[in-house]
Amino acid sequence: MASFLGELLNKEMYLIPNLSNSVFVPVPIHKKRLKFRGFNQTQLLAFQLSRKFDLPLLDCLQRNRFKVGQAKLARKERLKNLKGAISLKAEHELSGKSVILIDDVATTGSTLNECSKVLKESGVKRVYALVLARG
């Protein structure tokens, strides 16, 4: 499915004006959820796009807390649930780059917003978000 769904996202890449100095970054899932599920769906989607556009894929964000999934929370609870829950992995240098953030579903945009804040604080020049579905 990742290949097919990646093609759907591929059709939206025209919205990003300049791909030079860009990297793909998947929205992270917590390691407990990864262990339970066996894969990170956003990483699989980002990999498809990375291959297609010959741009790096950086798995540079991490979830610091394991809580109830965002989809089960109201808007106000989502914002509170994510506060400080995402951070940058220490080994990545992103200063001056443009990031194409990949997520599977966006409902309120809370996760994308929190990821964007972390990326911008690390010196990222621009953050673009590509989302497969809106919930």
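The values are calculated or read from the model by the stated rules, or taken from the named source; none is laboratory data. This one's a predicted model, so the numbers in the text were calculated from it and none came from an experiment. As a convention, Cβ positions derive from the backbone with ideal geometry for all residues, glycine included, and neighbour counts pool all protein chains shown.
Summary table below
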read-out	value
Of residues in region 81-135 being among the β-branched types (Val, Ile, Thr) and assigned to a helix (DSSP H, G or I), the one surrounded by the most Cβ atoms within 10 Å (Cβ to Cβ)	Thr111
Per-region count, region 92-127, residues among the small types (Gly, Ala, Ser) and within 23 Å of Met1 (Cα to Cα)	1
Hits in region 85-109 - residues which are in contact with a strand residue (DSSP E or B) (Cβ under 7 Å, 6 or more places away or on another chain), within 19 Å of Val124 (Cα to Cα) and among the charged types (D, E, K, R)	Lys89, Lys97, Asp103
Any chance Asp59 is among the acidic types (Asp, Glu), in a loop (DSSP other than H, G, I, E, B) and at pLDDT 90 or above	yes
Unmet requirement for Lys67, which otherwise passes all of (1) basic (Lys, Arg); (2) at pLDDT 90 or above; (3) part of a loop (DSSP other than H, G, I, E, B)	(2)
Test: residue in region 22-40 that is hydroxyl-bearing (Ser, Thr, Tyr), at pLDDT 75 or above, part of a loop (DSSP other than H, G, I, E, B) and more than 13 Å from the chain's Cα centre (by Cα)	no
Single condition Arg78 does not satisfy, out of (1) surrounded by 13 or more Cβ atoms within 10 Å (Cβ to Cβ); (2) modelled with pLDDT under 90; (3) among the charged types (D, E, K, R); (4) within 27 Å of Met1 (Cα to Cα)	(4)
